[in-house]
Amino acid sequence: NATSVDVEVVVSDLIRRSGMPYPQEWTVNLTFQGSLDHGYIRKERMDPEFLFRHFGDASDAGNFYRALAPENLGDQGNLEYFGPSEDPEDYRPFYEKRANEEEDDFTDIIELCRTFDPVATPDPVFADRLAELIDANEWARFFALQSLISNNDGSIQTGTAEDYLAYRAPAPSNRPDAGKWLLLPWDIEESFADPQERLFRTSVAAARRFLLNPRFTGLYYANLDD
């Protein structure tokens, strides 16, 4: 039977082969008091060094967040919009900054949440507005991969919106996704959970609004096929 270490390494390599941003992972052996212990991995920390490795020094200066679901707050990083006051304190517990912490600026993640809100961004303008903010094909590829591997972890592809990361590539960049949001995976050791995985499993409202919009559903299916 596959161990969580086997799953982590295989899935990380699959994400690499897909061309998406991914954490590097290595199998390691540890020695405890002279006894060799197997079954561990070293996993790259998702921080500014990761951004530099993957995006290069011309595109690594964007804001980088890890979504959280604090047990004591009853909410999560599910891209929910908390209303027109747009108080950053409402978002701080659910989005941990992994880069540019000293700037303490949450305006971009608030803008993304506002775009997913059906009142602030009604259906007639939703697809156009969202396409301005995200790399829609990369998001579709993220969800396609999660469906393919049947990742059972509580993340944006299931129902508890934690343990994924969101990076906004800086606008002054020569990348085709300059200024756009990307989704990145984190916990992947609970993959290969169900060979009959549903294709639209997520119960996160923002994720469903993206995947079920006719403008983006085709991208999801195309990436599944690919």
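Does the range 1-132 classify as rounded, prolate or oblate by the C-alpha gyration tensor (a ≥ b ≥ c root eigenvalues; a/c under 1.5 gives rounded; else a/b over b/c gives prolate, otherwise oblate)? Prolate is the answer for the range 1-132, as a/c is 1.5 or above and a/b outweighs b/c. Helix 136-149 axis versus longest C-alpha principal axis of the chain: approximately 40°, rounded to the nearest ten.
Put simply, when 95-105, 59-69 are sorted by average Cβ atoms within 10 angstrom per residue, most first, you get 59-69, 95-105.
Axis angle, to the nearest 10 degrees, between helix 107-116 and the longest C-alpha principal axis of the chain: 80 degrees.
Taking a ≥ b ≥ c as the square roots of the eigenvalues of the alpha-carbon gyration tensor, the range 59-213 is classed rounded because a/c is under 1.5.
In whole percent, what relative contact order does the chain give with Cα contacts below 8 Å and a gap of six or more residues? Before the final figure, lay out the partial values.
On the way: 367 pairs, mean separation 49.7, N = 226.
Dividing the mean separation by the residue count of the chain yields 22 percent.
If you sort Leu30, Leu182, Leu212 by accessible surface, 1.4 Å probe, largest first, the order is Leu212, Leu30, Leu182. Kirkwood hydrodynamic radius of the range 143-226, from the reciprocal of the average inverse Cα-Cα distance over all distinct pairs: 13.7 Å. Proximity of backbone amide H atoms, modeled 1.01 Å from N, is registered between Glu190 and Asn152, Asp153 at under 5 Å, excluding neighbours fewer than 5 places apart on the same chain.
With viscosity set to 0.692 mPa s at 37 °C, what whole-number translational diffusion coefficient in µm²/s follows for the range 1-63 from Stokes-Einstein and a Kirkwood radius over Cα pairs?
Details: Rh = 13.5 Å.
Roughly 243 µm²/s, to the nearest whole number.
Of the peptides 215-226, 155-166, the order by per-residue mean of other Cβ atoms within 10 Å, starting with the highest, comes out as 155-166, 215-226. Mean sequence separation of contacting Cα pairs (under 8 Å, at least six apart), scaled by the length of the range 57-173, corresponds to a relative contact order of 42 percent.
Contact order for the range 1-110, expressed relative to its length and based on alpha carbon pairs under 8 Å spaced 6+ residues apart, stands at 19 percent. Counting only alpha carbon atoms, the long axis of helix 214-225 and the longest principal axis of the chain meet at about 20°.
When peptides 15-21, 203-209 are sorted by average Cβ neighbour count within 10 Å, with the highest value leading, the order is 203-209, 15-21.
The values are calculated or read from the model by the stated rules, or taken from the named source; none is laboratory data. In this text, all values refer to a predicted model and were calculated from it rather than measured experimentally. Note that we place each Cβ from the backbone using ideal geometry, even for glycine, and neighbour counts take in every protein chain shown. Areas reflect the complete protein model, heavy atoms only, side chains present, ligands, DNA and RNA absent. Shrake-Rupley method; radii C 1.70, N 1.55, O 1.52, S 1.80 Å.
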